[in-house]
1. How many percent of the accessible area of chain B is carbon or sulfur, using a 1.4 Å probe?
2. Per residue of A:386-393, count partner chain C-beta atoms within 10 Å of its C-beta, then hand back the mean as an integer.
3. Rounded, prolate or oblate for segment A:262-352? Axes are the square roots of the Cα gyration tensor eigenvalues, ordered a ≥ b ≥ c, and the cut-off for rounded is a/c under 1.5.
4. In this model, which of A:Lys153/A:Lys578; B:Lys37/B:Lys225; A:Lys163/B:Lys171; A:Lys41/A:Lys95; A:Lys572/B:Lys225 are farther than 31 Å apart at the alpha-carbon?
5. Could you work out the per residue convex hull volume over the alpha carbons of segment B:118-272, in cubic angstrom?
6. For segment A:541-563, which residues drop by 10 square angstrom or more in accessible area between the chain on its own and all protein chains together (1.4 Å probe)?
7. Quick one: grab Rg to one decimal and Dmax as a whole number for the protein assembly as shown, Cα atoms only, in Å.
8. On C-alpha positions alone, give me the angle between the axis of helix B:58-71 and the longest principal axis of chain B, in degrees, nearest 10.
Amino acid sequence: MNFTEHPAFVFPFVVGMLFIFIYLPVIYVTWLRKNSLADFKTILRSIFTTNTLKAVREIFSECLLHRRIFRYNIRLGYMHMSLAFGWFLLIVVGKIETMVFTHDGFNPPYLPVFFKYFYPSGIPDTFKGRFFLMIMDLLLILVLSGLFLAFLKRFRSRVLGMKRTTKHIFPDRIALTFLWFIFPLRWFAESVTAGIAGSGGFFTLGSGRALASFLPLEDLLLPSWWAYSIVLGGFFFALPFSRYMHIFTEVVLIFLKYWNLATPERQNAYADFEINACSRCGICTNVCQLSADAGITHSQAVYFLRDLRYGTPERPVLENCFLCGRCSQACPVEIGIDQLRIAGRKRMMNAIAPAAEMRPVVSANGEKVDVLYFAGCMSHLTPGIIDATREILTRAGIRFSVLDDREEVCCGRPARQAGFADQARSIIARTTALINRSGASLLLVTCPICYKVFNEEYDLPIPVEHHTVFLNRLMTERPSLFRKSSLRMSYHDPCDLGRGSGIYEQPRSIIRRTGVLVSAAHEREDALCCGGSLANLAITPRQRTLVTDSAYQMLTAGNPDYVVTSCPLCKKTFAAGKREIPVADIAEIARMMLQPEEILHPEKAGEAELESEGQEICQ
Amino acid sequence: MSVNPKKRVAVVGAGVAGIAAAVALKRAGVDADVYEKESGPGGHLTRWHALFPGRENAATVLQGFLNEVKENRLDIRTGTLVTDIRKENGLFRVTTGSGECSEYGAVLLANGFRLFDAARKEEYGYGIYPRVITSPDLEKRMEDPATGLLIHNQAPKKVAFVHCVGSRDAKVGNRYCSKVCCISGVKQAIAVREQYPSCEVMNFYMDLRMFGSGFEELYQEAQEKYGINFIRGRVSEAAPTLDGSIQVKAEDTLLGCPLKVTVDWLILLVGMEPGIPGSLHDSLGLERDDAGFAGCRNKFLLPGYSSVDGLFLAGACAGPATIPDSVNQGRAAALSAIHYLNGKV
Ligand SMILES: Cc1cc2nc3c(=O)[nH]c(=O)nc-3n(C[C@H](O)[C@H](O)[C@H](O)COP(=O)(O)OP(=O)(O)OC[C@H]3O[C@@H](n4cnc5c(N)ncnc54)[C@H](O)[C@@H]3O)c2cc1C
Ligand code: SF4
Ligand code: SF4
Ligand code: SF4
Ligand code: SF4
């Protein structure tokens, strides 16, 4: 038999492959055209740097080896790796095999795929021949083992570390069915061929002989190769409309990432590649507290991205999310899920919201101080935090004033989030002027959201510090101001301070300085959301309570004396329930641990304590 | 004790519901032991100064209950906390804090309610600012005119009440209405006006629930005769000013505008929370309603019958109730318990 004869069964495969090789470039170019000139300039600046090599390395480790999934769960990682890397090697080694055989790089593309049909015994009677036969059979086993796990995952997902698997839509099911049949059919066709020829690789020949004992192999030869070719072609046709679009898209995405594009606020090419690079692996649904605690299973990252890909997500999908960042942290493709969701909400608001007027009240109290404290609207709902912060500053003898003490000064975030960009800009300008007028050398905030806003939206001449950082510094510089106790405390990482700003160490150091840190089940990058996030606009109060109570339970498992956090919203959320173990902000703990006045200032002992209420400037 | 335990009833709690029940049992010739964790009987009634709707003196009413206790020679085991109740072979085993165990044929649960801890609504500043107090705190202050609401011996000029603190608030997990705080707020507002005629009084409410007889009339009187200002709107936050008075931020939802007032005192009308320990669910299978109060088997046919055969409910442990409600429920539960002991359920 000669391969130049083009047997008819290769056509489904060839047509499918041609389709993919035409469709993908066309669609990728359509997306890339959404990029602005600036985006292209950015790409050009980085394309000839080592970043491109780094991208290649990441493509190898993530698209083929799936290293990040291994980190999530070894068996799940193996499943993804064996399918992706195994298939990849089958293609590459198969190509090499045919090239060695034909001494020609330009053999027809179907030759490696159907090589065994043409040459059941491989390259005749050489060591090379036997070597390739063995390697190709081993690779087939590798892929089939991954397929077995994928099958298992559908029915016993927990074995692969998944409490929930993704609910799939029609195109996914079609593509999945084709995919599941590809390798078993390849094995079958190769076995039948080997059985007839009486020679082949150890695996396919073995199974071919076994099949020969009860099947009329001759009659099955062509049908089996036809079937294999048809499912391959079918898979290629289904690919662009299913989740398997991620296979090629992730490769491009990684290049774009290393060429310094990022999840945009406005829709550019990067967003399209991100949306299509989601493999619907479902890891995000497994870390989301909405599904774990509140029985909400329609709005997780995977479903949001899927809806975004095929159209516009419905409002409940856009809104039912804490923007806690747990899924972005876990996503093996590193999709900027939160940013995409915020962008989606913005588009929705633009479509439905009439431009209401936002009227911030801003006033000046231009006194000269060292530290300017901005409590923010959230801390105003937890006056205990403001009180504690004032007292600590006073006792430390720091000259300070509270920017938003009596008048409403706003950071501008509410306006911006509601989609009123102009108002937000003018609020920011006025607040900036107030801050500058204070002459302070530090802006202190007790709210992680404020912290992010001042860092990201403002251009201030003075540093902004969150109170965890500030208090930790104060404790280092003035250790005698505080005492240590035997209080046992667990610490809750607020989403916006931890995952949002990377501040994990300072609050823990404060706790270790003033008491004993009790560790909890989910910490740092893996911390749970308190459930209070204002970003979720769709969740019911009941469901919220379920999330909160379950997070609280994790924090109290070690039976601490206090649950400590460093965000007014987290504190309020936890403290609202009936709590056996009290919840406190880190500032309140620090205040509790201030040395008694007499020890600090023996000369002052007995003097009535100054009424700190309303005192704006303290010497 | 010689009496067959099968014929005895344990009454848990000597608030008004427990007292009424025990008296009814005694009068019917049934032996009852009353357990009370505090040092004396009366429950929350001992903490009130004047009662709605007629502003009767609470001490006098309490005395009435105590007289009944005395006349009927009720055996009230004060200072005895009931820690566990179990049911084995048709008998209830009641365990107290000191580890003592006794057996009964039936149990009448009358352990009342718990006041909502206002510190859980931190935005109001309770426990942080001294001029923010709760309605029970006000009752106590009003008992002694020398303290009252005086500030440096001066009468207050402005006082605000906040309704629904800890009730009808999904954020604290309590979606139900506590029933008695609206009328308490009206009653207390009048009391403040009477004591300090020059003081301006305002009540921030969401809805006013004047369900009892004489309640609506008192509310009318509060507006017309006492000039109390009822403002529909939820208070969003409170902050201290230089002189320690409290600046309140709210939204007037009728006028649709934000509002800021500075008051000398902010009084939080705290609601009721269930006092049923969760352990009773585990040891007895006692079921609770959505709000966490002890649930009854059938709201219409069997109020006062808990999900446990032989365990009856009276008073605020089964949901927010007034004193007359609680007394009626106590008597009804006593009768149900007698039927049960006689095998006539
Ligand atoms: C602010 C406020 C003002 C009010 N003013 C009025 C008013 O003016 N007029 C009116 O009609 N109603 C008023 N009420 C309602 C009134 O207080 C209740 O109706 C009444 O107290 C209910 O009585 P009770 O016996 O069911 O519960 P409680 O009064 O709570 O008594 C329960 C008793 O059980 C005891 N107990 C609890 N657990 C245990 C245990 N495990 N072991 C032993 N003992 C236990 C407690 O110590 C307590 O003594 C007011 C309520 C509030 C919140
Ligand atoms: S968003 Fe990320 S984690 Fe979620 S399914 Fe897609 S790839 Fe997986
Ligand atoms: S951001 Fe948080 S709440 Fe939203 S989908 Fe991701 S994990 Fe769930
Ligand atoms: S960032 Fe948020 S919480 Fe902080 S002040 Fe601004 S709006 Fe308020
Ligand atoms: S009685 Fe009035 S104040 Fe109390 S919870 Fe009901 S509505 Fe609110």
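1. After summing per-atom areas, the C and S share lands at 49 percent.
2. If you average over the peptide's residues, the count of other-chain Cβ atoms is 1.
3. In terms of gyration-tensor shape, oblate.
4. Among A:Lys153/A:Lys578; B:Lys37/B:Lys225; A:Lys163/B:Lys171; A:Lys41/A:Lys95; A:Lys572/B:Lys225, the Cα-Cα distance tops 31 Å for A:Lys153/A:Lys578; B:Lys37/B:Lys225; A:Lys41/A:Lys95; A:Lys572/B:Lys225.
5. In segment B:118-272, the Cα hull volume divided by residue count equals 110 Å³.
6. The answer is A:Pro541, A:Arg542, A:Thr545 - residues whose exposure falls by at least 10 Å² when every protein chain is included.
7. Final numbers for Rg and Dmax: 36.6, 116 Å.
8. Once rounded, the angle reads 10 degrees.
The values are calculated or read from the model by the stated rules, or taken from the named source; none is laboratory data. Just so it is clear, the model here is predicted, and its values are computed rather than measured. Here the Cβ is made from the backbone with ideal geometry for all residues, glycine too, and neighbour counts use every protein chain on show. Side chains included, ligands, DNA and RNA excluded: accessible areas come from the protein's heavy atoms. Shrake-Rupley method; radii C 1.70, N 1.55, O 1.52, S 1.80 Å.
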